[in-house]
Amino acid sequence: MLSTLMLLVTSASSRSAAPLPPLQLINERGDFAAAKSVEDYLRPFAEHGRHFGVISVIGPQSSGKSTLLNALFDSSFDVLQDVHGRQRTTKGVWLQEAPTAPGVLLLDVQGTDSREAGDDGRTFERMSALFALSISDTLCINLWEHDVGRQEASSLALLHVVFELALELR
């Protein structure tokens with residue numbers, strides 16, 4: 001099962017270099033980053049023989065997913081700037097080792113319900129959420145407070161798919 005797949009990571013105590021910046025793993029069209037760039041990014045982890053876990057966050061656009069990861073793990077994902085209004089900040093799926101939690105990789109996933117994405121975006125939203133579900137040890141679902149318990153809530157269809165497949169993967 002992919003969710004139990006363990007990769008290797010170096011511990012922060014054995015590293016003198018600054019944390020690696022985020023890497024775009026999948027772009028907003030669904031294309032994976034060049035294998036060489038991902039391999040180069042992950043090489044320092046593999047060289048030290050330590051297993052790691054993956055934490056992902058999915059949820060509506062502009063709901064604070066990147067901000068949450070940055071606050072919890074001191075990561076450096078791009079966040080919404082109010083001067084630009086509510087617009088998509090994270091495009092695609094981004095990866096970064098958690099600077100304050102050695103052995104943890106973070107996935108910052110593009111928000112759902114994006115006005116800019118259109119119908120093609122709905123397909124990408126489902127695919128990226130299922131990708132995050134399949135490789136994550138912990139999947140955080142960020143929801144608007146006013147959507148909890150509502151039948152017409154944003155992302156309800158996506159959540160239905162995620163929960164249904166999570167049960168099948170068990």
Under 7 Å between Cβ atoms, which residue pairs at least 6 apart in sequence (or on different chains) link something in segment 17-41 that is among the small types (Gly, Ala, Ser) with a partner that is at pLDDT below 85 and open to solvent by less than 50 Å² (accessible area, probe 1.4 Å)? GLY30/PHE124
With the checklist (1) buried (at least 16 other Cβ atoms within 10 Å of the Cβ); (2) at pLDDT 80 or above in hand, flag the one item ASP74 doesn't pass. (1)
If we scan segment 88-98, do we find a residue that is modelled with pLDDT of 90 or more and of a type in the set (Gly, Ala, Ser)? yes
Assuming ASP40 fulfils every condition listed in (1) under 16 Å from the mean Cα position of the chain (by Cα); (2) open to solvent by 30 Å² or more (accessible area, probe 1.4 Å) apart from one, which condition is it? (1)
On the basis of being within 12 Å of the chain's Cα centre (by Cα) and open to solvent by 30 Å² or more (accessible area, probe 1.4 Å), does LEU68 make the cut? yes
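The values are calculated or read from the model by the stated rules, or taken from the named source; none is laboratory data. All values reported here derive from a predicted model rather than from experimental measurement. Glycine also receives a Cβ, built like all others from the backbone with ideal geometry; neighbour counts cover every protein chain displayed. All accessible areas refer to the heavy atoms of the entire protein, side chains included, with ligands and DNA or RNA removed. Shrake-Rupley method; radii C 1.70, N 1.55, O 1.52, S 1.80 Å.
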